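Written below as structure tokens is the structure these notes are about.
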Amino acid sequence: MDVRRTAPFWRDRVVKAIAGLAAITFVSGLGGFAPVALAATAEQIGTCDKPENFGPDAKLRLTGQMGRALVELVKPHAAGRTLQIEYGDELYVQKFGASGAIRLGFALTAASNEFTLTMTETAPVKCKLQVPDFGRIYRAILRWHDPVQLDLNVLEPGGRMGESGNVSGGNPNTGLDQGIGKMDVIGGIPAEDATGEMSYVTDAAAIPPDGVFGFKVDFVTRGSQAQPPYCDNGALAAPRIDFITIANGKVTVIKQTLPRAHCGDRIPDRLRLMMIRQ
């Protein structure tokens, strides 16, 4: 994720969110039921063939936890060069920062996964990563392919909007003190033809019987007063999204197009969050 490409207010929120992504603790009270701690799961180590394709000075580490892949690549003097990750039909793109490091996470949608890493001017590196606890993860994934910023809003069973049990990019709940799950992938504006992604995860055992989730999406780039090209018939006025849920090992995909807004019209806060069809 390239934070520099996001709007200032969103950038601040993302920076704060990313800073706490590694935190794991226990769940505090959610109204309406007795919460369960998000069980700690062992970290999986992925395997990659020919990592030396990135050069003798490169250090590559691939790990997974609760179905999130994390690629960490350090290569001195690589600032400005690009890493691409192909996973199924998805393409994740990120540039090396000034320190020559990349840290890119994305959600996995199968128990056994393969993907390809390609760095500018290098041969591809093929990797594999298993998700042994795939059957007991509950995950919600928002993916899109337009150069816009979206924010996934999750209302957990028994939660209240703006309070405990409401998890989003701005409130990722990485400390697990305000709900039963957390955002463990917070993406920025994707590169052209690449994938943008946000993802929420919890242990399925933490969900109360007959618990119902609510999901909404905020078109962050459009803001509260739509301007071209994010309105009327503009090229980016109606982003298409893929909403994916993983429950009991079953993957469900819903495709949806966000509604358009008229240029110049103010969008009240109560209408900023748009329901994702279930």
Over 31 Å (Cα to Cα) - which of Lys95/Lys182; Lys95/Lys250; Lys95/Lys126; Lys75/Lys250 fall in this group = Lys95/Lys250; Lys75/Lys250
At R0 = 22 Å the Cβ-Cβ FRET efficiency linking Asp57 and Lys128, nearest 0.05, sits at 0.35
Helix-only CD estimate at 222 nm, as mean residue ellipticity for the chain, using -39500 (n - 2.57) per DSSP H run (n ≥ 4) = -1500 deg cm²/dmol
Which ³J(HN,Hα) values, rounded to whole Hz and listed in residue order, are derived for the range 71-77 from phi using the Karplus coefficients 6.51, -1.76 and 1.60 in 6.51 cos²θ - 1.76 cosθ + 1.60 with θ = phi - 60°, glycine and proline given as x?
-> 9, 10, 10, 10, 9, x, 6
Which whole-Hz ³J(HN,Hα) couplings does the range 43-54 yield from phi under the Karplus relation 6.51 cos²θ - 1.76 cosθ + 1.60, θ = phi - 60°, glycine and proline marked x?
-> 7, 9, 9, x, 10, 9, 8, 6, x, 5, 4, 7
Hand me the chymotrypsin sites (Phe, Trp or Tyr not before Pro) from the range 114-170 located in a DSSP loop with no more than 11 other Cβ atoms within 10 Å, in residue order please.
-> none
Simple Cβ-charge dipole of the range 90-162, Lys/Arg +1 and Asp/Glu -1, about Cα centre, in debye nearest 20 | 160 debye
Inverse of <1/r> over all distinct C-alpha pairs of the range 35-169, i.e. the Kirkwood Rh in Å, gives 16.7 Å
Round to the nearest 0.05 the FRET efficiency obtained for Arg136 and Asp232 when R0 = 35 Å and r is the Cβ-Cβ distance.
-> 0.15
If you place +1 on the Cβ of every Lys and Arg, -1 on the Cβ of every Asp and Glu, and leave all else neutral, what size is the dipole of the range 44-130 about its Cα centre, to the nearest 20 Debye?
-> 260 debye
Applying the Karplus parametrisation 6.51 cos²θ - 1.76 cosθ + 1.60 with θ = phi - 60° to the phi angles of the range 57-62, what ³J(HN,Hα) value in whole Hz is obtained for each residue in order, glycine and proline being reported as x?
-> 8, 8, 10, 10, 9, 10
Rg to Rh, two decimals, where the chain supplies the alpha carbon set and Rh follows Kirkwood = 0.96
For the range 166-193 and the range 69-99, what is the separation of their C-alpha centers, rounded to whole Å?
-> 20 Å
What full-extension length gain, to one decimal in nm, is calculated for Ile267 and Glu86 as 0.36 nm per residue of separation minus the Cα-Cα distance?
-> 61.5 nm
Can you work out the FRET efficiency for the pair Thr116 and Arg160, with r the C-beta to C-beta distance and R0 = 30 Å, to the nearest 0.05?
-> 0.10
Packing-based ranking, highest mean first, of 105-113, 151-159, 87-95 given that Cβ atoms within 10 Å are counted | 151-159, 105-113, 87-95
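Read-outs throughout are calculated quantities, based only on the coordinates presented, and are distinct from any laboratory measurement. No experiment lies behind these values; they were computed from the predicted model shown. Using ideal geometry, Cβ is built from the backbone for each residue, glycine included, and neighbour counts are taken over all protein chains shown.
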